[in-house]
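To start, the structure itself, in structure tokens.
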Amino acid sequence: MKKMKYLLIVFTVLCVCGCEKAKHTGIYKEGTYYASVPYTSYGENYVTTAVIYVDRYGDIKSCFIDSTYTKNAENTTKKTLKDAYGMKETSSTIGVLTGGREWYEQVEAIEKKVIEEQNLDWVKWTDEEKTKLDLDVISGVTISANTYIEAVSKALEQAK
């Protein structure tokens, strides 16, 4: 009877511990990776930043992209401005996005795509010099995102 009790305990422990799902093992090192890319737009100097968090299994768990910006002579970021950045109307009048999308909404779509795909292999370039992105692979994105992709790429290089 004592043997049966021990066998039952061992069996229960094996069932509980052995039933855990195997975690996905990604290709990156665990950590938080940061990269920045300076750029000039309309005569102003700005910086795009990307922060990538990779969990202990090597999977990208978060992607954060932002850009410095000057509005009304005040230094800020485009994400901080949210709707005050004022891109919604422009993206609407282009005719591609019914109702338009604000800058932060479009960048969130890029961030989600990076997490979903776990890489940048989905990025398509429209020229051989790799200076113009084709973001048709992401629904709802009309912004020029070269520096955003470059910053994410630099962060992911650190994570390899």
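Residues in the stretch 29-59 that are without any contact (Cβ under 8 Å) to a residue 40 or more places away in the chain and open to solvent by less than 30 Å² (accessible area, probe 1.4 Å) were compared, and the one that is nearest to Glu157 (Cα to Cα) is Gly58.
For residues that are more than 8 Å from the chain's Cα centre (by Cα) and acidic (Asp, Glu), scanning just the stretch 96-113, find the one that is nearest to Ala159 (Cα to Cα). Result: Glu105. Considering only residues in the stretch 114-137 that are crowded, with 19+ Cβ neighbours inside 10 Å and under 22 Å from Lys79 (Cα atoms), the one that is farthest from the chain's Cα centre (by Cα) turns out to be Leu133. Out of Thr90, Thr76, one residue alone is farther than 22 Å from Ser153 by Cβ, over 18 Å from the mean Cα position of the chain (by Cα), of a type outside the set (A, V, I, L, M, F, W, C) and modelled with pLDDT of 95 or more. It is Thr76.
Just one residue in the set Ala50, Ala84 is at pLDDT 85 or above, in a helix (DSSP H, G or I) and among the hydrophobic types (A, V, I, L, M, F, W, C); that residue is Ala84.
The values are calculated or read from the model by the stated rules, or taken from the named source; none is laboratory data. Not measured: the values here are computed from a predicted model. Virtual Cβ from ideal backbone geometry, glycine too; neighbours counted across all protein chains shown. For accessibility, only protein heavy atoms count, side chains too; no ligands or nucleic acids. Shrake-Rupley method; radii C 1.70, N 1.55, O 1.52, S 1.80 Å.
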